[in-house]
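K.L.:
Sharing a structure with you now.
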Amino acid sequence: MKTSNYIRIVLVEPSLPGNVGAVARSMANMGMHNMALVNAADIVNSDALRRASGAERVLREAKHYPTLEKAVADCTLVFGTTSRRRAVSWPTLLPDQAMGKAVSQNARLAVVFGRERNGLENAELDLCNYMIRIDVDEAFPSMNLASAATILCYEFRKALADADNSAGRKEQEELANIEQIKGFMTHLEKTLTMTEFLDGRSSLLMRKLKRLFNRSQLTLEEVNILRGILKSVENKASR
């Protein structure tokens with residue numbers, strides 16, 4: 001089984017310790033141990049450890065972050081999970097499609113699960129390259145957090161097992177991570193404001209641009225090229 005891929009299961013502000021423990025158990029079932037908890041300092045308690053049922057190591061070694069941005073800063077491919085309809089549509093994949101894409105790109109991967117009650121906020125979705133929807137019955141779409149995590153972990157494991165790992169496989173270019181993409185987007189917004197393409201009220205347009213570049217899966221070289229172009233525009237406009 002291919003081992004060079006990296007997957008991080010990220011839980012944003014989970015409210016039920018039992019759910020966190022159950023997710024840890026599902027991760028261990030599929031051979032995964034990298035859990036990240038966002039703004040959930042006291043969630044690993046006795047109930048969580050009990051529900052982990054042998055997977056306590058996943059909980060004890062889970063990394064804690066104050067924000068989702070920090071939790072995925074070093075990742076090159078981020079999938080968010082959501083069941084809500086949004087004003088800005090997002091490219092959406094089924095679980096097997098998403099995990100197949102992650103394996104084929106040999107990406108440093110994060111799969112993000114939102115709050116049990118209301119999922120991920122728009123600003124958090126802006127950090128994601130794609131959304132994942134699990135195809136459930138529309139009459140009863142609500143799914144337990146641990147059940148959803150089990151499906152995604154299984155599909156990732158299955159994609160690993162099915163991947164072509166021949167020695168002659170072409171090495172992938174280095175992808176830009178979330179922190180590098182953020183730097184580019186900040187630079188882009190600054191330049192577009194300076195050239196008066198943005199008027200200070202175009203937050204929806206910037207969200208659409210973020211979606212476009214997230215979907216593009218920019219390489220680090222491409223980010224550097226784009227930032228060089230922006231710099232040349234700034235230099236020309238300031239003369």
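The values are calculated or read from the model by the stated rules, or taken from the named source; none is laboratory data. Quick caveat: nothing in here was measured; it's all calculated off a predicted structure. We place every Cβ from the backbone using ideal geometry, glycine too, and count neighbours over all the protein chains shown. Just so you know, the surface numbers come from the protein's heavy atoms only, side chains and all, with ligands and any DNA or RNA stripped out. Shrake-Rupley method; radii C 1.70, N 1.55, O 1.52, S 1.80 Å.
K.L.:
Hey, any idea what % of region 1-76's accessible area is carbon plus sulfur with a 1.4 Å probe?
P.N.:
46
K.L.:
At 1.4 Å probe size, with no ligands or nucleic acids counted, give the accessible surface of ASP42 in Å², nearest ten.
P.N.:
ASP42 has an accessible surface of roughly 140 Å² with all protein chains in place.
K.L.:
What distance in nm separates the simple spin-label points at SER104 and THR193, each placed 7 Å from Cα in the Cβ direction?
P.N.:
Reported label-point gap for SER104 and THR193 is 3.8 nm.
K.L.:
Counting only protein heavy atoms and a 1.4 Å probe, tell me what percentage of region 177-239's accessible area is made up of carbon and sulfur.
P.N.:
54
K.L.:
Rounded to the nearest 500, what is the chain's calculated 222 nm mean residue ellipticity when only DSSP H runs of at least 4 contribute -39500 (n - 2.57) each, over all residues?
P.N.:
The helix contribution divided over the chain gives -14000 deg cm²/dmol.
K.L.:
What is the calculated FRET efficiency for LEU16 to ARG60, with r their C-beta to C-beta distance and R₀ = 25 Å, to the nearest 0.05?
P.N.:
After rounding, the FRET efficiency stands at 0.85.
K.L.:
Report the charge-dipole magnitude of the chain in Debye, nearest 20, computed about the Cα centre from +1 at each Lys and Arg Cβ and -1 at each Asp and Glu Cβ.
P.N.:
Magnitude of the dipole: close to 200 debye.
K.L.:
For region 107-147, report the accessible area per residue in Å² (1.4 Å probe, heavy atoms, rounded to an integer).
P.N.:
About 52 Å² of surface per residue is accessible.
K.L.:
Applying 1/(1 + (r/R0)^6) with R0 = 25 Å to the Cβ-Cβ distance of ASN45 and GLU179, what FRET efficiency is obtained, to the nearest 0.05?
P.N.:
0.20
K.L.:
Another question about this same structure. Give me the distance in nm between label points sitting 7 Å out from Cα along the Cα-to-Cβ direction at LEU220 and ASP162, one decimal.
P.N.:
Taking the two extended label points, one gets 3.1 nm.
K.L.:
If you rank MET99, MET143 by how much accessible surface each has, with a 1.4 Å probe, what is the order from largest down?
P.N.:
MET143, MET99
K.L.:
Need one value: the accessible area of LYS190 in square angstrom, 1.4 angstrom probe, rounded to the nearest 10.
P.N.:
About 130 Å², rounded to the nearest 10.
K.L.:
Please tell me which of these pairs span more than 28 angstrom C-alpha to C-alpha: LYS101/LYS182; LYS101/LYS208; LYS63/LYS101; LYS158/LYS210; LYS182/LYS231; LYS70/LYS101?
P.N.:
Over 28 Å apart, Cα to Cα: LYS158/LYS210.
K.L.:
Moving on. Once the convex hull of the C-alpha atoms of region 91-200 is built, how many Å³ does it hold per residue, rounded to a whole number?
P.N.:
In region 91-200, the Cα hull volume divided by residue count equals 145 Å³.
K.L.:
Going from the alpha-carbon gyration tensor of the chain, what semi-axes, largest first and in whole Å, does one get by taking the root of 5 times each eigenvalue?
P.N.:
The three semi-axes for the chain are 33, 21, 16 Å.
K.L.:
Right, another one. Quick check: residue separation of SER147 and ASN34 times 0.36 nm, minus the Cα distance between them. What number comes out in nm?
P.N.:
This chain segment gains 38.9 nm when fully extended.
K.L.:
Go from 0 up to the bin containing the longest alpha carbon distance in region 28-145, width 10 Å each, and give me the % of pairs per bin.
P.N.:
Answer for region 28-145: a P(r) of 11, 40, 38, 10, 0 percent.
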